[in-house]
1. May I ask you to list the residues in region 97-111 that are touching a strand residue (DSSP E or B) at 6+ places or on another chain (Cβ under 9 Å) and loosely packed, with under 15 Cβ neighbours inside 10 Å?
2. Filter region 69-98 down to the residues that are in a strand (DSSP E or B), of a type in the set (A, V, I, L, M, F, W, C) and in contact with a Lys or Arg (Cβ under 8 Å, 6 or more places away or on another chain), then identify the one that is farthest from Leu118 (Cα to Cα).
3. Among the residues of region 51-64, is any more than 20 Å from the chain's Cα centre (by Cα), crowded, with 17+ Cβ neighbours inside 10 Å and not charged (D, E, K, R)?
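Since every read-out is calculated from the coordinates, none of them should be taken as a lab result. Predicted, not measured: the structure shown is a model, and the values here were computed from it. Using ideal geometry, Cβ is built from the backbone for each residue, glycine included, and neighbour counts are taken over all protein chains shown.
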Amino acid sequence: MEPHKYNVDLRWINDRIGEVCSPELMDSIDVATPPQFPKGVEGVWSPEHFFTAALSSCFMTTFLAIAENSGLDFISFQCRAEGVLDKVEGKYQMTEVILYPILKIRNEADREKALRILEKSDKACLISNSVKSQVSLQAEVTV
């Protein structure tokens with residue numbers, strides 16, 4: 001695969017709020033300093049939310065591709081993600097993201113296959129492989 005570029009434009013709106021968009025996409029999203037910081041804004045996406053969402057959504061898209069290629073028949077997939085911001089050696093960083101996928105399958109006989117695919121997806125996720133944060137998987141498979 002050739003290298004790909006993903007373009008993002010950001011413009012400041014006011015106070016601690018900006019707007020992020022892409023010439024490749026239709027929607028824009030407001031982004032702000034999170035409320036845990038001085039002058040942070042409640043109820044607006046933050047870079048920390050984006051970081052956590054990038055890992056979660058990459059895990060999902062990786063899972064969907066591997067599940068399709070493996071012929072896994074499933075009913076539903078959802079994933080809660082928890083990003084941890086901490087101070088390390090005097091600098092803030094996202095130290096960990098914990099993914100909590102819940103996969104509903106049709107047949108009990110597919111449980112082990114489903115777990116293997118979830119684990120393989122975790123290892124193959126390109127965003128997880130691109131960051132230094134610890135990424136943990138706490139998978140649940142239901143029938």
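1. Ile102, Lys104, Arg106, Arg111
2. Ile75
3. No, because not a single residue in region 51-64 is more than 20 Å from the chain's Cα centre (by Cα), crowded, with 17+ Cβ neighbours inside 10 Å and not charged (D, E, K, R).
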